[in-house]
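K.L.:
Can you keep this structure in mind? I'll have questions shortly.
The values are calculated or read from the model by the stated rules, or taken from the named source; none is laboratory data. From a predicted model like this one, the values you see are computed outputs, not experimental measurements. As a convention, Cβ positions derive from the backbone with ideal geometry for all residues, glycine included, and neighbour counts pool all protein chains shown.
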Amino acid sequence: MPFKILAINPGSTSTKLSIFEDEKSVYNINIKHDSTEILKFEHIIDQYDFRMHAITQSLEKEKIDISSLDAVVGRGGMLKPIPGGTYYVNDAMMEYIKKAVRGEHASNLGCIIAHHIASQYGIPSFIVDPVAVDEMEDIARYTGMPEIKRDSLFHALNQKAVAMKAAKDLGKPYKELNLIIAHLGGGISVGVHKKGKVVDVNNALDGDGPMSPERSGTVPMGPLYKMVFSGKYTLKEIQRKNYGQGGLVAYLGTNDGREIHERIVNGDEKAKFIFEVMCYQIAKEIGSCSTVLKGEIDAIILTGGLAYDEIAIQEISDRVKFIAPILIYPGEDEMEALALGALRVLKGEDTAKEYK
Ligand SMILES: Nc1ncnc2c1ncn2[C@@H]1O[C@H](COP(=O)(O)OP(=O)(O)O)[C@@H](O)[C@H]1O
Ligand SMILES: CCCC(=O)OP(=O)(O)O
């Protein structure tokens, strides 16, 4: 009998569910949440009942029987900095997440929802490669302000999954490769994968790195702190300018890459320019990552939703193709990455780590 696994991925505007039988995906459900509904909640954890209700309703509507599951796996959130891998969901993990010590991201709900469902059936729950994966080298953590260190918060799940695919395609183990991986999603992270470890990466949530469809990325600090102390804005308003209402949303009123693509091909000069600005910043980030690897790079990889967009691919490739060969893996395989992480443990090919 194959192992049956429910994978749950809470995103900023959706909750994705998949059922896997061993490596095979047999059901996929994408529950879209209206952003006005989501914005009503002050904290991510407050969305728990709302998302659980949506999940239960969807499973019932699709007549999906989850009584014979072997495990439930959720996307892992903003935990303490930890190495990559599969972890058992435990009380220490859920307590930490409930306090949102490192901040708020939809993925914080992954372990709690997975644990809730699994405990009804007496089966294990896991998370895999959470956004808190931290393999950074010390030199990458320092800034010019001793009080402030750089944090590793990024699309670890998809970056690691894509790295494994690239390793297969390049015919070399991940641990022998040097890769620069740019996840181009609602948020953007560009990671330096040095021989199997992400030794440097921009914090995709905290105003670090290129602007993205809905995030500001890095902005000059002088004007920012004048803005912060001008008395015109609340902390929440400033945070929204960085996260949720920044980047393409701030200039073009949408975070939808497909809509912007249509505007560009229909002659919208502003959309064309702002999109080019974002691609320029992504290319510049990749260029800066190339120095971390001292130019010894097997491949640059573009992945995430925007890697479907040929304008983005063209703009970025034009600027970085001199550095290394470019591989494109559009979209993300987070559901598969979650299920395979749990499956390796169920099959005894890997041991789940304990979060402390
Ligand atoms: N086929 C496509 N063409 C152009 N842009 C796309 C396409 N698919 C997704 N996108 C855009 O990619 C961005 C991120 O999408 P996605 O990777 O699904 O988001 P997230 O990282 O939040 O899961 C969005 O701006 C989305 O509109
Ligand atoms: C912490 C990085 C994860 C992230 O930014 O994910 P989304 O782009 O899906 O919000």
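K.L.:
Can you tell me which residue within region 127-158, out of those that are within 16 Å of ligand 1 (Cβ to nearest atom) and in a helix (DSSP H, G or I), is farthest from residue 80 (Cα to Cα)?
P.N.:
The residue in question is 158.
K.L.:
Of all residues in region 90-107 being hydrophobic (A, V, I, L, M, F, W, C) and closer than 14 Å to residue 48 by Cβ, which is nearest to ligand 1 (Cβ to nearest atom)? Don't jump to the end; show me each part of the working.
P.N.:
Taking region 90-107 first, the residues hydrophobic (A, V, I, L, M, F, W, C) are 92-94, 97, 100-101, 106.
Now restrict to residues that are closer than 14 Å to residue 48 by Cβ: 94, 97, 100, 106.
Numbers: 94: 24, 97: 20, 100: 20, 106: 9 Å.
Among those residues, the one meeting the criterion is 106.
K.L.:
Could you please find all residues in region 286-315 being modelled with pLDDT of 95 or more, in a helix (DSSP H, G or I) and within 16 Å of ligand 1 (Cβ to nearest atom)?
P.N.:
306, 307, 308, 310, 311, 312, 313, 314, 315
K.L.:
Please name all residue pairs, on different chains or six or more residues apart, with Cβ atoms under 6 Å, provided the first residue is in region 117-131 and is touching a residue at least 12 places away in the same chain (Cβ under 8 Å) and the second residue is of a type in the set (Lys, Arg).
P.N.:
Short answer, once both residue conditions are applied: 129/160.
K.L.:
Checking residue 328 against (1) of a type in the set (A, V, I, L, M); (2) assigned to a helix (DSSP H, G or I); (3) within 16 Å of ligand 1 (Cβ to nearest atom); (4) free of Cβ contacts under 8 Å to residues at least 60 places away in the same chain, which single condition isn't satisfied?
P.N.:
Against the list (1) of a type in the set (A, V, I, L, M); (2) assigned to a helix (DSSP H, G or I); (3) within 16 Å of ligand 1 (Cβ to nearest atom); (4) free of Cβ contacts under 8 Å to residues at least 60 places away in the same chain, residue 328 comes up short only on (2).
K.L.:
Looking at 30, 9 in this structure, which one is within 21 Å of the chain's Cα centre (by Cα) and either closer than 20 Å to residue 100 by Cα or of a type in the set (A, V, I, L, M, F, W, C) (or both)?
P.N.:
9
K.L.:
Can you tell me how many residues in region 162-194 are within 14 Å of residue 328 (Cα to Cα), assigned to a strand (DSSP E or B) and of a type in the set (Gly, Ala, Ser)?
P.N.:
Total meeting the criteria: 1.
K.L.:
Looking at region 69-79, is at least one residue at pLDDT 95 or above, surrounded by fewer than 17 Cβ atoms within 10 Å (Cβ to Cβ) and assigned by TED's automatic domain parsing to the domain that holds residue 342?
P.N.:
The answer is no; no qualifying residue exists.
K.L.:
Search region 209-267 for residues being in a loop (DSSP other than H, G, I, E, B) and in contact with a strand residue (DSSP E or B) (Cβ under 7 Å, 6 or more places away or on another chain), and hand back the single one that is nearest to residue 308 (Cα to Cα).
P.N.:
Initial filter on region 209-267 (in a loop (DSSP other than H, G, I, E, B)): 209-214, 216-220, 229-234, 244-246, 253-256, 266-267.
Restricting the remaining residues to those that are in contact with a strand residue (DSSP E or B) (Cβ under 7 Å, 6 or more places away or on another chain) gives 209-210, 212, 246.
On the way: 209: 21, 210: 18, 212: 15, 246: 22 Å.
It comes out as 212.
K.L.:
So, of the residues in region 173-190 that are away from ligand 2 (no atom under 16 Å from the Cβ) and touching a residue at least 60 places away in the same chain (Cβ under 8 Å), which turns out to be nearest to the chain's Cα centre (by Cα)? Lay out the reasoning, then the answer.
P.N.:
Taking region 173-190 and keeping what is away from ligand 2 (no atom under 16 Å from the Cβ), we get 173-180.
Going one step further and asking which of them are touching a residue at least 60 places away in the same chain (Cβ under 8 Å), we end up with 177-180.
Values: 177: 22, 178: 21, 179: 18, 180: 16 Å.
For region 173-190, the residue satisfying everything is 180.
K.L.:
Let me ask you something else. I'm checking my understanding of the structure. Among residues of region 143-172 that are closer than 20 Å to residue 296 by Cα and free of Cβ contacts under 8 Å to residues at least 12 places away in the same chain, which one is surrounded by the most Cβ atoms within 10 Å (Cβ to Cβ)?
P.N.:
So the residue we want is 167.
K.L.:
Now for a different question. Filtering region 11-26 down to residues that are touching a helix residue (DSSP H, G or I) at 6+ places or on another chain (Cβ under 9 Å) and more than 22 Å from residue 187 (Cβ to Cβ), which residue is nearest to ligand 1 (Cβ to nearest atom)?
P.N.:
Among those residues, the one meeting the criterion is 25.
K.L.:
Something else: Considering only region 337-354, I want to know if a residue exists there that is in a helix (DSSP H, G or I), among the small types (Gly, Ala, Ser) and touching a Cys at 6+ places or on another chain (Cβ under 9 Å). First the steps, then the outcome.
P.N.:
Filtering region 337-354 for residues in a helix (DSSP H, G or I) gives 337-346.
Within this subset, residues satisfying the condition of being among the small types (Gly, Ala, Ser) are 337, 339, 341-342.
Next, from what is left, pick out any that are touching a Cys at 6+ places or on another chain (Cβ under 9 Å): none.
Checked region 337-354: no residue is in a helix (DSSP H, G or I), among the small types (Gly, Ala, Ser) and touching a Cys at 6+ places or on another chain (Cβ under 9 Å).
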